[in-house]
Amino acid sequence: MSRSDSEQTISSVRLDIPPRRQWAHGHGYCGETVVQAFGLYNGAWISQQIVRDVNKGEYLIHHVTPEDDQQRRPSGGGGGGDPLTTLTTLKFSYIAWDYQNACQPQFPAYGLWIKQCLLQGFPVMFRTKLDQFFGGHIMPITGIDYSNENTFDEQDTMYYYSLFNREILKQPLSILGSDPAARRVYCSWGCVPLDVSIRFAFNMRRFP
């Protein structure tokens, strides 16, 4: 979809979630830090370690596979239960991306779903992949620039944080969505595969 300043007005949403830094030890605490940030957005302090303890291991968006567990344990990660059960235990409500029923390629519907979450005031935890082998990185999406709230637009720009510094990253969906096997890291901290195919995101709603 082409975008012209004379034809389209760009609207923006920025949720009040400042950048945070994850703990570096224990194979990283990216998922735990996102849960912490979204808890603070809702007025609750939750330690990164409490998130990991409740989850009984490293907090990932998806269920931990044996391969994930083997890769992470030497660096202090690994283990972990159902991430959605952990959110319920921590008194979050949420909606997960329905990767099992979305049509392929999923990315257009996925991008629209993220936009609609943000427009309702709900931040999104999402996962990227750096290449076809590495498990990826979990980050928070906290803002968007968009021209139409009801359609997918690959020029919509997402705002998110790496959790390693306080820099605000921004990337259009045309770059954020990419096949990790076809090209290596064209966008900051990885990309989202066009087929999505697993639980690559869920939004975090207010406490019940």
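Coordinate-derived values only; no laboratory data. The model shown is predicted, which means the values in this text are computed figures rather than measured ones. Cβ coordinates were reconstructed from backbone atoms using ideal geometry, including for glycine residues, and neighbour counts include every protein chain displayed.
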For this session: Could you please rank ARG52, ARG20, placing first whichever residue has the fewest other Cβ atoms within 10 Å of its Cβ?
Result: ARG20, ARG52
For this session: Compute the distance in nm between two label points, each set 7 Å from the Cα along the Cα-to-Cβ direction, one at GLN49 and one at ILE168.
Result: 3.3 nm
Problem set entry | Net charge of neighbours whose Cβ lies under 11 Å from the Cβ of GLN36, counting Lys and Arg as +1 and Asp and Glu as -1 | +2
For this session: Show which lysines lie in cross-link reach of LYS115 when reach means a straight Cα distance below 16 angstrom and same-chain residues fewer than eight apart are skipped.
Result: LYS170
Seminar exercise, completed: Expected sort for LYS129, LYS115, LYS56 with the fewest Cβ neighbours (10 Å cutoff) up front is LYS56, LYS129, LYS115
Problem set entry | Residue order, fewest to most beta carbons within 10 Å, for TYR110, TYR159 | TYR159, TYR110
